[in-house]
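Below you'll find the structure, written out as structure tokens, and then a few comments.
Just so it is clear, none of the values below were taken in a lab; they were calculated from the coordinates. Keep in mind the model is a prediction, meaning the values are calculated, not measured.
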Amino acid sequence: MALPINIEKLIKGTTVEWERLEFKAGWNPEKIVKTMCAFANDFNNWGGGYIVIGIEEKDDKPVLPPVGLTQSSLNKIQKDIIKLAHQVQPNYIPIIQPYVLKGKHILVIWCPAGDVRMYTAPETLGTKSQRKPYIRVGSQTIEAKGETLRQLLDMTARIPFDDRVNQQATINNFDLGLILAYLQEVKSDLYAESLKMPLADLVRTMHIAKGPDEFLLPVNVGLLFFTKHPEDLFPYSWIEIVIHKKDIGKDFEEFYFKGPLHHQLRSALDFIKSRIIGERIIKQADRAEAHRFFNYPYQAIEEALANAVYHKSYERRSPIEIQVFPDKILILSFPGPVPPVDEKMLKTKQHIASREYRNRRIGDFLRELELTEGRGTGIPIIYKEMEKNGSPKPIFETDADRNYFLTTIPIHELYNETDEQAPEQPSVKNPTKELTPRQQKIVDYVKENGSITNAICQELTGVSKPTATRDLQNLVTDKILKQVGSSKGKGIVYMLSNKAQ
């Protein structure tokens, strides 16, 4: 049974950090059992990891093309892995799947984080071998000793909220259409198999439900991504945007973005891109080319908001708040960063790495959907994008007790200045009409076929009906498409507007 990820992206390390990947050219049970134990212990709350057999490793990176495994060895190794898993205690079962990559057979072992830490494995596979706990440090598997052992013992049976089962819901809360759309979007081989699978088998395979058949319960991360209204189960799990017309006063607009986490994140970002982001073009007397910049670099806001979605606590009844003022954007989430990150570190360092993460599964889904980068890259990316745009530095704040995390994105200092060099040319293009990849796909289809319906849009982009409707309506608002017909007649179709033709 296929895994719910894109294998080629996994091998390249684009959706899972290298620390969570281990490559083995051949079958090496003594080392593999220790790595399985280390991923099960999930010392850093990263979400476990993957062992890939049939690919050589050099400098902690895969060597391609794969050396591969023989067809005859695949079945034997899979049986041996099941036996080997019984050497890890408490009881632990990884998920095994063979694949063909570049014409060679490989075997992928998915080792999710365990629920009953601390796990141990034998030091050797001899009959009287001593059992020891193993953890991952960087890309190495080592024995937990001293302070790391004490920390591991403190984590015993402590499961991050996003990976816990939810006693208030059942697997019937899942929306099959959302699950299928996700698998199709990430190009998982599981998508084709999922069309014929019972829901219980599918959600167990995706590790978004746990337990025996008679008491199979959904996991919180699955409910956050694959139910239409997660706010019913997790109050205030949405994004709020407030646009202030002035620095103070009651002249403001409020907007709410609800639904599955990736849908609300994309919708909020699309809104910001179309309603908030603006571009200035200022001619310069001493050179031919004009000076172009944005009030806020979109990539910086995208990263800041994705980080808020990734790291907020979904146990707390508090939304992600975005306050848009005339001179800055504030992004507020609760609670603050996980230790050792504190207010002093946020003020003095641009590169921040945390040992532990609040949500070990949410990040995996966001990365697979290419909505966030790897661990520890968020703040450096925001700094980089602000500098590239010529903007002031961002500001990151929390309090002594880490109750909140506040990101301030200041406006470009020249954005509201008058361009005296070119009064006859409009210097502000607001909002920018740059299309998202999904919108461009829709427009290209209309150009080729003349029109598009909501149903065709869903199939073309692999999104839900509400998301397809929102994409189409945004294009109508931007005067790129026009709506023709009505639901009372032959139905609504969308065609290129006169402006776009």
| task | Give the angle, between 0 and 90 degrees and rounded to the nearest 10, that separates the Cα long axis of helix 378-388 from the longest principal axis of the Cα atoms of the chain. | result | 30 degrees
| request: Can you tell me what the convex hull of the Cα atoms of segment 108-191 projects to on average, as an area in nm²? | output: 9.0 nm²
| query | Counting alpha carbon pairs within less than 8 Å and at least 6 residues apart, what relative contact order, in whole percent, applies to the chain? | reply | 13 percent
| remark: Expressed in angstrom and ordered largest first, the alpha-carbon extents of segment 167-316 along the principal axes are 74, 40, 21
| When the gyration tensor of segment 22-77 is built from Cα positions, what are the square roots of 5 times its three eigenvalues, in whole Å, from largest to smallest? | 22, 15, 9
| request: Could you give the C-alpha radius of gyration of segment 265-332 expressed as a fraction of 2.2 N^0.38 Å, taking N as the number of residues it contains? | output: 1.44
| note | Over all viewing directions the Cα convex hull of segment 171-229 casts an average projected area in nm² of 3.8 nm²
| note | So the angle from the long Cα axis of helix 437-449 to the longest Cα principal axis of the chain, reported in degrees to the nearest 10, equals 70 degrees
| If one computes P(r) from the Cα atoms of the chain, what percent of pairs lie at distances over 34 Å? | 44 percent
| Cα long-axis angle, helix 176-185 against the chain (0 to 90 degrees, to the nearest 10) | 90 degrees
| message | Let me understand segment 7-158 better: what is its radius of gyration from the alpha carbons, and its Dmax, in angstrom? | response | 15.0, 46
| query | Can you give me the Cα centroid spacing of segment 267-331 and segment 1-75 in angstrom? | reply | 37 Å
| Taking the DSSP beta bridges in the chain as the whole, what percent of them are antiparallel, to the nearest 5? | 85 percent
| said: Could you tell me how far the Cα centroid of segment 145-209 sits from the Cα centroid of segment 89-111, in Å? | reply: 17 Å
| Which lysines have a Cα less than 19 Å from the Cα of Lys258, not counting those fewer than 8 places away in the same chain? | Lys228, Lys273, Lys312, Lys465
| For segment 94-157, rounded, prolate or oblate, judged on the Cα gyration tensor with a ≥ b ≥ c (square roots of eigenvalues), a/c < 1.5 rounded, else prolate if a/b > b/c? | prolate
| request: Check cross-link reach from Lys61 to the lysines: straight Cα distance under 24 Å, and skip same-chain residues fewer than eight apart. | output: Lys9, Lys12, Lys24, Lys31, Lys34, Lys102, Lys104, Lys187
